[in-house]
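As structure tokens, the structure follows; a few thoughts come after it.
Read the figures in this text as sums done on the coordinates, not as results from a lab. Treat the numbers as computed from the prediction; the structure is a model and nothing was measured. Virtual Cβ from ideal backbone geometry, glycine too; neighbours counted across all protein chains shown.
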Amino acid sequence: MGWRASWLAGLVMVAVCGLTKPVLAQPEPPHLAFIGDSMSDGLWGGFIRLATKNACLSAISYERHGKNGIGLVRMDQADLVRDFLSIVQKTSSPKVIVLSVGLNDRQDAWFGDRTRIPYGSEDWTVFYKARVTQMMEAAEAADHGLVILGLPVLREAKANEDALAKNKLLADVVKAFGKPSIVFLPSPLDPAEGAQAFKSYDRIGGSMTQMRASDGVHFTQAGYDYLTQSLLPAILAVLQQKGWAPAGPCP
């Protein structure tokens, strides 16, 4: 009788399994991570506010990794590249990273042992390009898209000249890397027009609105919302390159 019992038990298991629908793995939600300096943090806030008004954007997971005062040259204080590598190597890391750097890099490159590379030297430029390349290589190896934001026009003339030079450096490095999912995205307020293009107020929706903070560098909430709307199509295009297909209309 032993074999009959085993045979009947097998039939019961087959019947039960036949009634049970297979559990399909749910697709992982799309991810955007905002990494870098305070400009990155402000743009993250703009996306969060916009996502509350749009179902397409609310399906995206937004990660916040911006830090005030951070950059690529003060390794004695904070190592952004090390933090970047740690983020992209996590299993829950995003499919697209939005990176903002340069605001705090108008200075010598300092190392933990207090050795330095003078700002403005050829060695400094080589070092800076190598740091950016290291992050691009990490993103590419992890199959993540990477959007590197250009600096906006700044009020102070020397800072604006530096922003213009940084944007050219970043654009050249990205172009040389030559990967379609790694892009340099100029600011809609690019400094190429010169320091005289800086405006604290602009006309939005028929009324004059304060767009820039009093420091002549950062943006107000309205300014960051403007940046979000302007940069959104290019950022979403990279996200779609990485396999995201929005369920409905997306701005």
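General remarks:
- Between helix 2-19 and the chain: long-axis angle, C-alpha atoms, 0 to 90°, nearest 10: 40
- Length added when fully stretched, residue 52-residue 229, from 0.36 nm per residue minus Cα-Cα: 62.3 nm
- On the basis of the beta-carbon distance and an R0 of 30 Å, residue 89 and residue 110 show a calculated FRET efficiency of 0.75.
- Taking amide H positions as modeled 1.01 Å from N, with prolines and chain starts lacking one, the residues under 5 Å from residue 66 and 5 or more places away or on another chain are 36.
- Packing-based order for 124-132, 184-192, using average beta carbon neighbours within 10 Å, highest first: 184-192, 124-132
- Cα lying deepest toward the dipole's positive end in the chain, options 180, 80, 112, charges on Cβ: 180
- Summary value for the range 29-241: 20 percent relative contact order, contacts being C-alpha pairs under 8 angstrom separated by 6+ residues.
- Across the range 44-57, computed HN-Hα scalar couplings (Karplus, 6.51 cos²θ - 1.76 cosθ + 1.60, θ = phi - 60°) run 4, x, x, 5, 4, 5, 5, 5, 5, 10, 9, 4, 4, 6 Hz from first to last residue, x flagging Gly and Pro.
- The C-alpha atoms of the chain define a longest principal axis, and helix 122-141 lies at about 20 degrees to it.
- Nearest-0.05 FRET efficiency for residue 78 and residue 158, computed from C-beta distance (R0 25 Å): 0.55
- Computed extension gain for residue 134 through residue 64, at 0.36 nm per residue and net of the alpha carbon distance, reaches 23.1 nm.
- Rounded FRET efficiency, nearest 0.05, which uses the C-beta distance separating residue 210 from residue 127 and R0 of 45 Å: 0.75
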